[in-house]
Amino acid sequence: MARFELKLPKMGESVAEATITSWLKEVGDTIEMDDSVVEIATDKVDSDVPCEVAGTLVEILFEKDEVVKVGETLAIIEVDGELEEVITPEQINVSEEISEAVHEVEKQIEKAVSVTKTAVVGIVSENRFYSPLVKNMASKEGVKQSELDAIPGTGLDGRVTKADMLLYLKKRVTKVVPDIANSSNSQAKPNVVPLTLNGEDELIELSRMGKMISDHMIHSVHKSAHVQSFIEVDVTNLVAWRTKAKDEFQKREGEKLTYTPVFMMAVAAAIKKYPLVNLSFDGDKKVVIRKNINLGMAAALGDGNLIVPVIHKADELNLVGMAKIVNDLAGRAKINKLKPDEIQGGTYTVTNVGGFGSLFGTPIINQPEAAILALGAIRKVPAVLETPDGDVIAIRQRMFLSHSYDHRVINGALGGLFIKFIKDYLEAWEVDAPY
């Protein structure tokens with residue numbers, strides 16, 4: 001029998017590690033090729049790791065909530081016969097020798113930790129080991145070392161696990177404020193006002209993604225000077241064009257034709273016209289004008305949270321290409337199948353608040369970008385039209401565009417001209433436009 005090492009794969013240029021969130025298989029389980037074995041989480045996206053071979057899971061090298069670096073072995077799979085087209089017999093032998101050496105080193109480290117009570121790999125206080133994940137949670141929540149040492153641990157040898165931390169933080173009445181008395185540049189933060197619950201209330205824990213979104217939004221509000229511009233757009237011709245084209249488009253291209261590809265093309269064209277909207281801050285004193293137009297497209301996840309996949313070089317796509325990538329990213333976002341690289345590198349974000357019935361909104365800028373556009377709902381309204389015979393009232397299809405931008409670098413004139421360009425682009429759409 002051969003032994004196959006299931007490693008943490010590379011997940012993008014900026015992703016160096018991931019946290020184990022759940023093992024989908026247990027030691028002794030039979031695994032088929034391409035079966036998902038373990039779920040992982042990075043600071044960008046949650047995903048799972050499939051197995052390249054069929055066999056039996058014989059060893060798990062990392063526990064839930066532990067942090068693993070890219071390239072490290074997660075588990076050992078025992079395979080009947082030889083491993084064809086995966087690794088050579090020479091590599092298998094080397095892997096077995098390395099695995100045995102690693103186990104021996106780990107035993108020595110555990111022995112050293114128990115004898116010397118010093119930190120090895122993680123952090124040890126007195127005779128307790130704390131994983132990087134637990135230590136990071138404690139730091140973010142303002143849990144002092146003495147407080148951390150008092151938390152009962154349910155992990156191996158009494159270690160504090162992520163679950164222990166979450167339970168402890170849930171029971172806290174107020175968040176402990178970090179000691180900043182010695183910092184001359186900091187201002188004291190007040191304690192959180194205690195929350196009173198009654199018997200009918202339900203206390204739930206934010207999901208990992210929910211916490212990330214919360215932190216990201218608060219950071220953006222504090223960092224950027226948000227200001228908004230609004231404009232109403234007559235999309236009567238665009239609606240008529242889609243109604244006429246959608247069936248033939250799906251038959252010919254195998255793709256649904258929504259309004260989103262057209263909106264993305266309009267935004268890309270507006271950025272080419274006004275490139276100063278397409279920038280990011282480098283610290284607080286410099287800005288970077290992005291040459292590529294990479295449009296973020298806010299999409300709903302299956303659990304109700306949002307994620308922002310990125311359409312890279314959106315200005316280079318025609319209608320068919322834009323429709324295909326929009327449908328693909330939105331579809332895979334719903335089933336949590338986006339790759340880390342697909343949600344990185346955005347330079348400007350578009351969100352569709354109209355999908356939930358809203359006429360307009362005031363979206364929060366997706367840092368480190370400088371602006372974001374919200375698309376309102378398309379609805380039929382009575383409108384005044386100018387004709388050669390005078391003004392008339394007619395039923396038109398209209399929508400609002402809401403543009404939030406960082407007033408430190410984008411003034412009201414630029415912010416307004418930008419969405420005026422998009423308005424003109426959409427209103428000029430011809431009912432008989434090719435598709």
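The values are calculated or read from the model by the stated rules, or taken from the named source; none is laboratory data. Note that the structure is predicted; figures quoted are calculated from it, not measured. Methodologically, a virtual Cβ is constructed for each residue, glycine included, from the backbone with ideal geometry; neighbour enumeration extends over all protein chains shown.
For segment 180-222, the set of residues classified as under 27 Å from residue 408 (Cβ atoms), at pLDDT 80 or above and among the charged types (D, E, K, R) consists of 215 only. Only one entry in 321, 331, 357 is of a type in the set (Gly, Ala, Ser), over 25 Å from residue 415 (Cβ atoms) and at pLDDT 95 or above, namely 321. Residues in segment 197-208 that are surrounded by 11 or more Cβ atoms within 10 Å (Cβ to Cβ) and either in a helix (DSSP H, G or I) or small (Gly, Ala, Ser) (or both): 207, 208.
Of the listed requirements (1) under 25 Å from the mean Cα position of the chain (by Cα); (2) in contact (Cβ under 8 Å) with a residue 12 or more places away in the chain; (3) not in a helix (DSSP H, G or I), residue 229 misses just one: (1). Across segment 266-297, the qualifying residues are those that are hydrophobic (A, V, I, L, M, F, W, C) and without any contact (Cβ under 8 Å) to a residue 60 or more places away in the chain, and the one among them that is farthest from residue 398 (Cα to Cα) is 288. Counted as qualifying within segment 330-435 are the strands (runs of 3 or more DSSP E) with 1 or more residues that are of a type outside the set (Asp, Glu) and closer than 23 Å to residue 310 by Cβ, namely 348-351, 371-375, 390-406.
So, of the residues in segment 246-273 that are crowded, with 21+ Cβ neighbours inside 10 Å and not aliphatic (A, V, I, L, M), which turns out to be farthest from residue 402 (Cα to Cα)? Top of the filtered list is 261. Looking at this structure, is residue 373 surrounded by fewer than 17 Cβ atoms within 10 Å (Cβ to Cβ) and assigned by TED's automatic domain parsing to the domain that holds residue 289? In short, no. Here residue 304 meets the list (1) assigned to a loop (DSSP other than H, G, I, E, B); (2) touching a residue at least 24 places away in the same chain (Cβ under 8 Å); (3) not polar (S, T, N, Q) almost entirely, failing just condition (2).
Can you go through 409, 392 and tell me which one is assigned by TED's automatic domain parsing to the domain that holds residue 304, surrounded by fewer than 20 Cβ atoms within 10 Å (Cβ to Cβ), hydrophobic (A, V, I, L, M, F, W, C) and touching a residue at least 40 places away in the same chain (Cβ under 8 Å)? Let's see the steps before the verdict.
Details: 392 fails: touching a residue at least 40 places away in the same chain (Cβ under 8 Å).
So the residue among 409, 392 that is assigned by TED's automatic domain parsing to the domain that holds residue 304, surrounded by fewer than 20 Cβ atoms within 10 Å (Cβ to Cβ), hydrophobic (A, V, I, L, M, F, W, C) and touching a residue at least 40 places away in the same chain (Cβ under 8 Å) is 409.
Among the candidates 244, 211, 272, the residue that is more than 26 Å from residue 355 (Cα to Cα), in a helix (DSSP H, G or I) and out of contact with any Leu (no Cβ under 8 Å at 6 or more places or on another chain) is uniquely 272.
For segment 420-431, the condition of being touching a residue at least 40 places away in the same chain (Cβ under 8 Å), in contact with a Ser or Thr (Cβ under 8 Å, 6 or more places away or on another chain) and within 22 Å of residue 226 (Cα to Cα) holds for none of the residues.
Every residue, every condition in (1) touching a strand residue (DSSP E or B) at 6+ places or on another chain (Cβ under 7 Å); (2) at pLDDT below 80, yes or no:
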{"residue": "41", "(1), (2)": "yes, no"}
{"residue": "60", "(1), (2)": "yes, no"}
{"residue": "65", "(1), (2)": "yes, no"}
{"residue": "68", "(1), (2)": "yes, no"}
{"residue": "103", "(1), (2)": "no, yes"}
{"residue": "106", "(1), (2)": "no, yes"}
{"residue": "112", "(1), (2)": "no, yes"}
{"residue": "117", "(1), (2)": "yes, yes"}
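For residue 65, indicate whether it is over 16 Å from residue 4 (Cβ atoms) and assigned to a strand (DSSP E or B). Against the criterion (over 16 Å from residue 4 (Cβ atoms) and assigned to a strand (DSSP E or B)), residue 65 does not qualify.
Of all residues in segment 395-405 being of a type in the set (A, V, I, L, M) and surrounded by 13 or more Cβ atoms within 10 Å (Cβ to Cβ), which is nearest to the chain's Cα centre (by Cα)?
Looking at the filtered set, the residue picked out is 401.
Remark: pairs (first residue in segment 157-169, over 16 Å from residue 208 (Cβ atoms) and loosely packed, with under 14 Cβ neighbours inside 10 Å; second residue modelled with pLDDT of 80 or more and not hydroxyl-bearing (Ser, Thr, Tyr); Cβ separation under 9 Å; 6+ apart in sequence or on different chains) = 158/152.
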